[in-house]
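K.L.:
Below is the structure I would like to discuss, written out as structure tokens.
The values are calculated or read from the model by the stated rules, or taken from the named source; none is laboratory data. Quick caveat, the model's predicted, so the values are computed rather than measured. Neighbour counts are summed over all protein chains in view; Cβ atoms, including those assigned to glycine, are modelled from backbone coordinates with ideal geometry.
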Amino acid sequence: MMLGDALGLTDSQERRIVRGLQLVLISLLGYGGATFQFGITGTAGFALGITLLPAWLRREYGYSMDAGLVLWITTAVILHTMGSLWLYKEYQWYDEIAHIVSASVIAGLGYAAFRAFELHSDELNVSSTFRSVFIVIFVLAIGVFWEVLEFALGGVVVTVYGIDDIVTDFVFNAVGAVIVAIWGTGSVSELVGFFRRRLRSKPEN
Amino acid sequence: MALENLVRDERMNAVIGWLLTGIVVLGAIESVLTGVLLWGGFELVIVATVSVPALITGDWTSMVSWPLLAVATLTVVVSVAGFPSETVVYLAVATLALIVVVELETFASVDLSRRFAVVFAMLTTMALQALWTVAQFYSDQWLGTKYLRSQTELQWDFVIVTVVGLVLGALFQWYAGRFEPAGTVARAANGADSP
């Protein structure tokens, strides 16, 4: 059911790997600062911020995210950090892997939010086929929204590498989404529960 | 079923709907014959999407409401004049998204409140734009067309399709509210009723 089971990792091993990856990001942050390469500092800092979100959720809402899910998110973040700093320019396939992984994270989050909303409210009542379709549509739409964002930022924070790069990103985002739609929805079942509790605790509902 | 009343099981709606579909078919044939394969393919996707409910239910009157189809037909008619200008494509993509959502809601076992249906239609619009971009790219590669000329132009496409999706979503929200019986409006405000 959970992601780590597939890889044969225990929760504590997964947590250790996450700590290790965060250390890599911290060293990058330090390296960027020491050598006045603030592009590296910014990218690594942003990435580190995302990897700290699960810890923030635990502190703020008392929700411990499944260790496998935390590892999944951290992996996606580190892949993109390494990519945007060095590897995208070197290897085309690297970009594709990074996009499959990060699209699967977006797909998982989108699905969890959608499913929680469906269970919580009577506004939605859909079939499992529709949920799968929703995952793919959600990821594709976020891809377009991301391009709008990159365009708005004017290539300051993130670099756009051209039309073929945009198209390959879309294609591999879709691959990641399809993987989650077919196999991955069980991995976020705990997250669904958390979102549901959040929705329920809102006074207007 | 907040949107159900947009797809009325009426003969009149179906007659007008199929006439409009016929125009789209003619547009598709014209596009294919004049060598605009990608746009022709897109028009055929519209035709297929519109025909699916009738094919599945076996009832020729299963048809989305004709005003929605009229917008799609309009984009086809305008484009017959020549190469589909970008604005036409945005409108066509957004309309197709709405048709898909309305059909899912009406003919499949999908129950969405109007609020969520509008959001979903916007997401679908953007997703279709992504697919359209991929299709254009490979058309450029394999069929020698020149759809995607520059990165900036493509990025503007994304911005505009997002805006068009928002505007059409707002229009649709207004349209669905305007032509809904009073009871359904009150119900939609509190979320659709459970089955």
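K.L.:
Which condition does residue B:98 not pass, out of (1) more than 17 Å from residue A:110 (Cβ to Cβ); (2) modelled with pLDDT under 85, if it passes all the others?
P.N.:
Among (1) more than 17 Å from residue A:110 (Cβ to Cβ); (2) modelled with pLDDT under 85, residue B:98 violates only (2).
K.L.:
Could you tell me how many of the residues in the stretch A:163-191 are over 12 Å from residue A:95 (Cβ atoms), in contact (Cβ under 8 Å) with a residue 60 or more places away in the chain and buried (at least 19 other Cβ atoms within 10 Å of the Cβ)?
P.N.:
Count: 10.
K.L.:
Has the stretch A:75-90 got any residue that is among the aromatic types (Phe, Trp, Tyr) and modelled with pLDDT of 85 or more?
P.N.:
Within the stretch A:75-90 (the criterion being among the aromatic types (Phe, Trp, Tyr) and modelled with pLDDT of 85 or more), the answer is no, since none of the residues qualifies.
K.L.:
Looking at the stretch B:130-171, which of its residues are among the aromatic types (Phe, Trp, Tyr), within 15 Å of residue B:92 (Cβ to Cβ) and in a helix (DSSP H, G or I)?
P.N.:
Here is the first cut: in the stretch B:130-171, the ones among the aromatic types (Phe, Trp, Tyr) are B:132, B:137-138, B:142, B:147, B:156, B:158.
With within 15 Å of residue B:92 (Cβ to Cβ) added as a condition, the list becomes B:132, B:147.
Passing the criteria: only B:132.
K.L.:
Another question about this same structure. Which residues, counting only those in the stretch B:134-144, are facing chain A (nearest Cβ under 10 Å), surrounded by fewer than 20 Cβ atoms within 10 Å (Cβ to Cβ) and not aliphatic (A, V, I, L, M)?
P.N.:
B:138, B:140, B:141
K.L.:
Here is a list of conditions, (1) closer than 19 Å to residue A:124 by Cβ; (2) modelled with pLDDT under 90; (3) part of a helix (DSSP H, G or I); (4) under 24 Å from the mean Cα position of the chain (by Cα), and residue B:192 meets all of them except one; can you say which number that is?
P.N.:
(3)
K.L.:
From (1) at pLDDT 80 or above; (2) buried (at least 16 other Cβ atoms within 10 Å of the Cβ); (3) at the interface with another protein chain (Cβ under 8 Å from one of its Cβ atoms), pick out the condition that doesn't hold for residue A:132.
P.N.:
(3)
K.L.:
Looking only at the stretch A:21-35, decide whether some residue is touching a Pro at 6+ places or on another chain (Cβ under 9 Å) and buried (at least 17 other Cβ atoms within 10 Å of the Cβ).
P.N.:
Scanning the stretch A:21-35 turns up no residue that is touching a Pro at 6+ places or on another chain (Cβ under 9 Å) and buried (at least 17 other Cβ atoms within 10 Å of the Cβ).
K.L.:
Can you go through B:96, B:131, B:104 and tell me which one is among the hydrophobic types (A, V, I, L, M, F, W, C) and more than 10 Å from every other protein chain (Cβ to nearest Cβ)? Full working, then the answer.
P.N.:
Numbers: B:131 fails: more than 10 Å from every other protein chain (Cβ to nearest Cβ); B:104 fails: more than 10 Å from every other protein chain (Cβ to nearest Cβ).
So the residue among B:96, B:131, B:104 that is among the hydrophobic types (A, V, I, L, M, F, W, C) and more than 10 Å from every other protein chain (Cβ to nearest Cβ) is B:96.
K.L.:
Please identify the pairs in which a residue from the stretch A:129-150 that is more than 13 Å from residue B:127 (Cβ to Cβ) has its Cβ atom under 6 Å from the Cβ atom of a residue that is of a type in the set (Val, Ile, Thr), counting only partners at least 6 apart or on another chain.
P.N.:
Within 6 Å, the pairs are A:130/B:110; A:148/B:159; A:148/B:162; A:150/A:158; A:150/A:160.
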